[in-house]
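A short write-up of the structure that comes next.
The values are calculated or read from the model by the stated rules, or taken from the named source; none is laboratory data. Just so it is clear, the model here is predicted, and its values are computed rather than measured. Every residue, glycine as well, gets a Cβ built from its backbone with ideal geometry; the counts of neighbours run over all protein chains shown. Heavy atoms of the whole protein, side chains included, go into the accessibility calculation; ligands, DNA and RNA do not. Shrake-Rupley method; radii C 1.70, N 1.55, O 1.52, S 1.80 Å.
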Amino acid sequence: MLLPEKAEADRCAEEGKSVVADLKRVLAVHDISCFGKCSLTVALPIISAAGIETTVLPTAVLSTHTGGFEGFTYRDLTEDMMGIAQHWQGLDLHFDAIYSGYLGSFEQIDLVIELISRLKSDDTLVIVDPVMADHGELYGLFPADFPQGMARLCAVADVIIPNTTEAALLLGREWAAPPYTEQQVRELCGALTSELGAAAAVLTGVAFDEAHLGAASFEAASGKFALAGEALVPDMYHGTGDVFGSVLVAALVCGASLSAATEAAVRFTVACIQRSYEARTDNRYGVNFESGLAGLADLIEEAKTSA
Ligand code: PXL
């Protein structure tokens, strides 16, 4: 009997079609929050707008995200996840990157670790955003030991994207509020890679003064450390971490260096925040990323040619 992937290749050959995708392909593993732009409703349009095919693995369907709305619905899709991954294994799909975000339970964390090992090829970039906390606090729905589960997932990542609160929780440290010194940020990035086992870290929420906000990137193998910052917009919006992560993933898959991808992600995200700030949008609704999509490919092209 033919293996399913062999059968698929033969079918394509008979029909004169190719099993090799003409576009890069990213697998995004996040929830669908139907209202309140974040997770898949942000990752799918942003990564697609960068000219990358986006395969989605929804982990749950919620009426809204959990950040500030009362009475949201939550349909857990944990039971479907492995069946979906097994079907794709049979199709022999190739992913240039696997990008995970908000996960609702320890069981989902373990499932994502397992499906990374099943779906990853030698050249697949694994990017983990350990979404669970902000402003010094673990999100209310998570148990106190949730960071230990996220740390297990970070260990199998090429790049992790924590904010400073998540970084502290992953490392079992006290969170310090900004402003930070460059020395503190360098040390934190070093600890994220050496203690958690990820190859590289992009730390968000990095501020050295009251007027700027940005991110730091660090690659353990080369020791390369870089900073990216923009003028601070004095308000906080939901979903900005997912906007940032999606642009970072898209730029990396398109071939930008980690520091250039981080710079592009900071610039794109701050521009989204600025638009929503000027429009006085409800902070829970998410930011206006849509108006930036037409310029995203150019931003990424620029990132590819910078050092
Ligand atoms: O943006 C992160 C996120 C994604 N999905 C859900 C969330 C959150 C943050 O609170 O609640 C459901």
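Could you give the longest part of the chain that holds none of the trypsin sites (Lys or Arg not before Pro) found in DSSP loops with at most 12 neighbouring Cβ atoms within 10 Å?
18-172
In summary, the convex hull built on the alpha carbon positions of the chain has an orientation-averaged projected area of 16.5 nm².
Take every Cα pair under 8 Å whose residues are at least 6 apart in sequence, average their separation, divide by the length of the chain, and the relative contact order is 16 percent. Might you work out the accessible area of His87 for me, using a 1.4 Å probe with all protein chains in place, and round it to the nearest 10 Å²? Surface open to solvent at His87 totals about 120 Å². Using a simple spin-label model with pseudo-atoms 7 Å out from Cα toward Cβ, Glu210 and Glu114 lie 5.2 nm apart. Annotation: Tyr237 carries an accessible surface of approximately 20 Å², with a 1.4 Å probe and no ligand, DNA or RNA atoms counted. Each Cα pair under 8 Å and six or more residues apart adds its separation to the average, and for the stretch 23-139 the resulting relative contact order is 26 percent.
The accessible area of Asp235, taken with all protein chains in place and a 1.4 Å probe, comes to roughly 60 Å². Spin-label model, Thr78 to Asp122: label points 7 Å out along the Cα-to-beta-carbon direction sit 3.6 nm apart. With a simple spin-label model that places each label point 7 Å from the Cα along the Cα-to-Cβ direction, the separation between Gln184 and Gln148 comes to 2.8 nm. What is the helix-to-structure angle for 4-14, meaning the angle in degrees between its Cα long axis and the longest Cα principal axis of the chain, kept from 0 to 90 and rounded to the nearest 10? Tilt of helix 4-14: around 70 degrees. Note on surface exposure: Met236, Met132 rank Met236, Met132 by accessible area, highest first, 1.4 Å probe. Find, among the GluC sites (Glu not before Pro) in the stretch 41-84, those assigned to loop by DSSP (not H, G, I, E, B) with at most 11 other beta-carbon atoms within 10 angstrom. Those that pass, being in a loop and sparsely packed, are Glu70.
Helix-only mean residue ellipticity at 222 nm, the chain, DSSP H runs n ≥ 4 weighted -39,500 (n - 2.57), per residue, nearest 500. What is it?
It comes out at -13000 deg cm²/dmol, rounded to the nearest 500.
Note on the stretch 121-199: Cα convex hull, mean projected area over all directions, 5.5 nm².
Computed over the chain with a Gaussian network model linking Cα atoms closer than 10 Å, the most mobile of Gly90, Gly255, Gly101 is Gly90.
Taking a ≥ b ≥ c as the square roots of the eigenvalues of the alpha-carbon gyration tensor, the stretch 199-274 is classed oblate because a/c is 1.5 or more while a/b is no larger than b/c. The apolar share of the surface of the stretch 155-246, taken as the fraction of accessible area on carbon and sulfur atoms (1.4 Å probe, ligands and nucleic acids excluded), comes to 54 percent. Relative to the longest principal axis of the Cα atoms of the chain, the long axis of helix 106-119 lies at roughly 50 degrees. Note on the stretch 26-43 and the stretch 188-205: Cα centroid distance 24 Å, given to the nearest whole angstrom. The accessible surface of the stretch 16-126, taken with every protein chain in place and a 1.4 Å probe, is 53 percent carbon and sulfur. Springs join every pair of Cα atoms under 10 Å in this Gaussian network model of the chain, and among Leu111, Leu141, Leu171 the largest mean-square fluctuation is at Leu141.
Which value, in Å², gives the accessible area per residue of the stretch 182-260 when a 1.4 Å probe is used on the protein heavy atoms? Numbers along the way, then the final one.
On the way: 3040 Å² over 79 residues.
Heavy-atom SASA per residue in the stretch 182-260 reads 38 Å².
So which residue, out of Glu263, Glu15, Glu137, gets the largest mean-square fluctuation from a GNM of the chain using Cα contacts under 10 Å as springs? Maximum fluctuation in the GNM of the chain, among the listed residues, is at Glu15. The count of lysine pairs in the chain that are at least 8 places apart or cross chains, and whose C-alpha atoms lie under 22 Å apart, stands at 6. Sorting Trp175, Trp88 on solvent-accessible area from highest to lowest, probe radius 1.4 Å, gives Trp175, Trp88. Computed from Cα atoms, the angle from the helix 240-253 axis to the main principal axis of the chain rounds to 50 degrees.
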